[in-house]
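See structure below.
The values are calculated or read from the model by the stated rules, or taken from the named source; none is laboratory data. All figures in this text were calculated on a predicted structure; none of them were measured in a lab. Reconstructed Cβ throughout: ideal geometry from the backbone, glycine too, with neighbour counts over all protein chains shown.
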Amino acid sequence: SKTPVGFIGLGNMGNPMAKNLLKHGYPVIAYDVFPNICKEFQDTGAQIMESPADVADKADRIITMLPSIPNAEEVYTGPNGILKLVKKGSLLIDSSTIGPAVSKELAKECEKMGAVFMDAPVSGGVGAARAGNLTFMVGGVEQEFAAAKELLTCMGSNVVYCGEVGTGQAAKVCNNMLLAITMIGTAEAMNLGIRLGLDPKLLAQILNMSSGRCWSSDTYNPVPGVMEGVPSANNYQGGFGTTLMTKDLGLAQYSATDTKTPIPLGSLSHQIYRMMCAKGYAKKDFSSVFQFLREEENL
Ligand code: NAD
């Protein structure tokens, strides 16, 4: 039988990801900082621990799926963090989006304790997390990639080795910057079309057979009523929070500053998402930029 896998962070993404590990026959040893989330998850048959350190005591392969940098630092290096009780030779895979710089720092701390850290951020959203067809972008020591891949293929259909530690994060930050830009663009185009008298469903169909087609238009359309099973069909609940997208654009901005790279549209997108956070959209899915544009125009 398979040895247990630790899973820390059972939110929108972590919950369905950990369930897919269970489905593939891996016993899961889990922790989340919110007791309610743990309680809900206990029904799946997973064993719930009291802290990340306790998870590390029971499992020598751990996946973390946390919101952002402070949470990841707490879970790895905090007083009750993984590194407090980590076993030598453990494989620690972080799938949170936290950017290359902090990933590299965490990898150094893990190495000091004799553990291997890999960054493996994901793309695909909650639907792909449920379906088990996420894309994983993996950075770290190449000899450990096969061991990481064994677990990640339970949750994703594409597991791509990117290079040394931090390169998975680099790929992810670039992807999400582009995603933010296409989501705002799709919302703008859809809104303009509606104001010109087009039926939004028809316009989406036309975009999706034309050169404007993108994931934001054909898989995650931001306009309510165009598609089913997406956050826009559910008052922008669930999905990928506006705060998280704002965080990712901040990581892109930091990386761009660090490498002296111009990202004019990335920067503008960052500011648009910042305004949304300040105006009550923080907890809604990031496709609510459509609603934000509609409200702005009525002022
Ligand atoms: P989420 O906020 O829904 O879930 C994060 C979970 O981590 C929560 O349950 C929270 O309680 C838990 N947590 C926070 N601090 C903790 C701590 N110190 N110890 C233990 N648990 C802690 O976020 P999410 O949507 O699942 O996203 C997780 C990561 O994946 C983020 O970095 C996000 O940018 C990235 N991501 C999200 C999506 C998406 O569509 N939601 C897609 C790709 C990548």
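Tabulated values for the structure
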item: Any hit, segment 78-93, residues being in a strand (DSSP E or B), within 16 Å of the ligand (Cβ to nearest atom) and either at pLDDT 95 or above or crowded, with 21+ Cβ neighbours inside 10 Å (or both); result: yes
item: Candidate set from segment 2-55 (those that are crowded, with 18+ Cβ neighbours inside 10 Å and charged (D, E, K, R)); member that is nearest to residue 82 (Cα to Cα); result: 54
item: Qualifying residue in segment 61-71 (condition: more than 14 Å from the ligand (Cβ to nearest atom), basic (Lys, Arg) and more than 24 Å from residue 139 (Cα to Cα)); result: no
item: Unmet criterion (only one of (1) over 20 Å from the mean Cα position of the chain (by Cα); (2) at pLDDT 95 or above; (3) not in a loop (DSSP other than H, G, I, E, B); (4) not β-branched (Val, Ile, Thr)) for residue 70; result: (1)
item: Identity of the residue in segment 110-122, under 15 Å from residue 64 (Cα atoms) and not acidic (Asp, Glu), that ends up surrounded by the most Cβ atoms within 10 Å (Cβ to Cβ); result: 120
item: Residue in segment 103-137 that is farthest from residue 78 (Cα to Cα), counting only those that are more than 13 Å from the ligand (Cβ to nearest atom) and in contact (Cβ under 8 Å) with a residue 40 or more places away in the chain; result: 132
item: Complete set of residues in segment 138-158 that are within 16 Å of the ligand (Cβ to nearest atom), of a type outside the set (S, T, N, Q) and under 17 Å from residue 16 (Cα atoms); result: 152, 155, 156
item: Complete set of residues in segment 251-272 that are more than 22 Å from the chain's Cα centre (by Cα) and of a type in the set (Ser, Thr, Tyr); result: 257, 259, 261
item: Close pairs (8 angstrom Cβ cut-off, 6 or more residues apart or separate chains): assigned by TED's automatic domain parsing to the domain that holds residue 183 in segment 241-267, basic (Lys, Arg) and at pLDDT 95 or above anywhere; result: 241/283; 241/284; 242/283; 242/284; 243/283; 246/274; 248/172
item: Helices (runs of 4 or more DSSP H) wholly inside segment 192-283 containing at least 3 residues that are within 13 Å of the ligand (Cβ to nearest atom); result: 242-258
